[in-house]
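Working notes for the structure below.
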Amino acid sequence: MGKKCISIVVPMYNEQESLQILYRELNRVTREMGDYDFEYLFVNDGSKDATLQKIRELAAEDERVHYLSFSRNFGKEAALLAGLSYAKGDYVTTMDADLQDPPTLLPQMAAMLEAGDCDNVATRRVNRQGEPKIRSFFARMFYKVMRKLSHIEIADGARDYRLMNRAMVDSILSVSEYNRFSKGIFAWVGYDTKWLEFQNVERSAGETKWSFWKLVRYSFDGIINFSDIPLKISSYLGLVLTVVSFIAIIAEIVRALVFGDPVAGWPSLVCIVTCIGGIQLFCMGIMGQYIAKTYMEVKRRPHYIIKESNCTRNKKNNAQN
């Protein structure tokens with residue numbers, strides 16, 4: 001019986017500074033895992049620097065290095081999907097290029113998966129040392145809100161770094177939605193998961209591509225993709241305001257009949273109208289987000305377009321995705 005193959009999928013966007021460091025670290029770790037064959041699958045997500053050129057150089061020197069290069073930047077979610085679609089391994093791992101997902105955990109992850117009592121070994125950070133406090137606070141709040149609003153369980157500090165068996169990977173690929181939130185999809189498909197905790201690691205080189213506002217937008221996308229609670233909240237809010245306004249109208253009519261005192265105070269009236277108008281626009285905005293995502297789904301545009309690749313397996317997935 002031959003060795004099992006582990007595919008290592010790494011999305012990359014402007015990672016020329018960290019690529020060589022990552023490659024050396026992967027080689028060091030994989031040499032210690034002689035019981036497995038390895039495939040390095042680097043997904044160049046429309047980088048503007050020399051990332052693609054450096055990947056080409058590695059591919060020319062190492063037959064294990066495969067790569068996909070997009071025609072433009074499609075985002076990390078598309079890069080993850082492409083990597084999973086083209087990965088040929090019995091096990092597939094996804095990790096970031098900046099070494100904040102330590103490759104040194106791979107031997108332990110593989111051992112846990114080989115034990116046979118789980119389909120997926122996922123990682124989570126137990127602290128956020130080195131991150132701005134406000135960013136850490138909102139990240140923790142996101143996981144709390146996500147667990148309450150959706151029907152899926154996402155652990156606080158969960159990373160996209162995980163090692164999955166082929167059955168789970170195939171199930172993830174069967175989820176063909178355009179608006180993707182991988183952490184939610186990993187949880188939604190189910191399968192038995194074991195969590196591996198580790199201390200936060202700072203970037204090996206370069207700068208993060210995730211600004212605070214990009215993370216906020218990503219969080220809202222995750223909530224909308226996996227929960228209809230925001231729509232229900234807007235409906236309940238509208239119902240409550242309708243009841244309150246009806247009671248206020250009755251109260252004012254009674255007041256005028258009993259006391260003969262006309263309704264006065266246009267400033268307060270303007271404030272009330274403005275408040276209600278703002279709430280209406282807020283609720284319309286929530287509905288608009290769902291409509292916009294539905295609009296993108298029905299267009300059935302591809303998740304990504306591959307401009308260059310040295311991969312030869314599963315190219316049918318490019319047409320599907």
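The values are calculated or read from the model by the stated rules, or taken from the named source; none is laboratory data. A quick note: this is a predicted structure, and the numbers were derived from the prediction, not measured. Glycine gets a Cβ as well: all are built from the backbone with ideal geometry, and neighbour counts include every protein chain shown.
Summary of computed values
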item: Residues of segment 171-194 satisfying the condition of being farther than 20 Å from VAL298 by Cβ, out of contact with any Leu (no Cβ under 7 Å at 6 or more places or on another chain), in contact (Cβ under 8 Å) with a residue 24 or more places away in the chain and of a type outside the set (A, V, I, L, M, F, W, C); result: LYS183, GLY184, TYR191, ASP192, THR193, LYS194
item: 1 or more residues over 25 Å from the mean Cα position of the chain (by Cα) and closer than 30 Å to TYR178 by Cα: qualifying helices (runs of 4 or more DSSP H) within segment 1-115; result: 51-61
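Residue-by-condition table, conditions (1) outside any helix (DSSP H, G or I); (2) at pLDDT 70 or above:
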| position | (1), (2) |
| --- | --- |
| ILE247 | no, yes |
| ALA264 | yes, no |
| ILE276 | no, yes |
| ILE279 | no, yes |
| CYS283 | no, yes |
| LYS293 | no, yes |
| ASN317 | no, no |
